[in-house]
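Everything below concerns the one structure shown next.
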Amino acid sequence: MDEAMEAGENKAKQRDGGNRWTPGLTPGRIEALTDGVFAIAMTIIVLELSVPYLLGSPVPGEQPTSFLEMWDEFYIYVVGFITLGIYWILHRYMFYFIKRSDGVLIWLNILFLMLASLVPFSTKVLSANEVLLPRAQGESNAATTFFAVTTMASILVLLLIWRYATGGHRLVDRDIDGRIIPALTRVILIGVTIYAIGVVVSYIFTWAGLLSYVAMAFMIFSTTYGRYRPVEGRTEIPKQA
């Protein structure tokens with residue numbers, strides 16, 4: 001019995017690179033923490049919506065608020081929620097292939113969660129500064145740029161996680177299809193590039209921040225109709241001609 005237990009411990013050490021801190025922090029535990037953080041962040045976003053006074057304002061003489069007057073808040077809410085959805089999908093995709101963990105992966109994931117948790121705040125900044133309403137040139141640049149920068153930083157950390165885990169097949173199986181690693185890397189790099197262009201140009205033209213939405217649309221399409229995505233517990237690989 002003792003020999004079996006010792007053999008099991010040795011295998012665990014080999015699997016986790018001999019790091020005594022990581023055996024209990026498996027990829028499954030990392031995913032559980034991530035899911036919890038995303039559930040909270042998505043809930044906070046909807047709680048940030050203003051409550052309309054449909055029957056009358058508490059301020060004397062002020063007209064009741066209609067849902068149509070809140071279109072900009074709802075629009076920003078959708079943007080923030082979809083942004084978190086993209087993060088979650090990309091993270092889930094990566095950890096479908098990541099089979100082991102170590103200290104570096106754990107802390108990279110914590111850094112990612114720290115940045116992802118800023119989404120409710122960054123969307124609140126967008127709403128408070130009324131970036132979708134007519135404004136003088138440059139007045140809402142900072143709010144739009146802040147949203148784009150935090151979003152781009154979050155995706156860059158996801159790229160770091162993926163590159164670290166797949167480098168030398170460090171944390172993924174060696175029999176992983178060779179086309180999957182560069183395919184996901186390209187998706188992230190293209191998205192980050194679009195965000196970066198939006199950040200730079202938004203200092204001159206406020207509307208350039210809308211390039212962030214172009215990046216979001218690209219990532220939604222890629223994760224929905226991508227060629228190497230997990231489907232029903234397996235990895236969908238295109239048929240060879």
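Summary table
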| item | result |
| --- | --- |
| Computed label-point distance, nm, for sites residue 170 and residue 43 using a 7 Å Cα→Cβ extension | 3.4 |
| Estimated distance in nm for a label pair at residue 72 and residue 128, the labels positioned 7 Å out from Cα along Cα-to-Cβ | 1.5 |
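No value in this document is a laboratory result; all are computed from the given coordinates. All figures in this text were calculated on a predicted structure; none of them were measured in a lab. In this analysis, Cβ positions are derived from the backbone assuming ideal geometry, glycine residues included, and neighbour counts consider all displayed protein chains.
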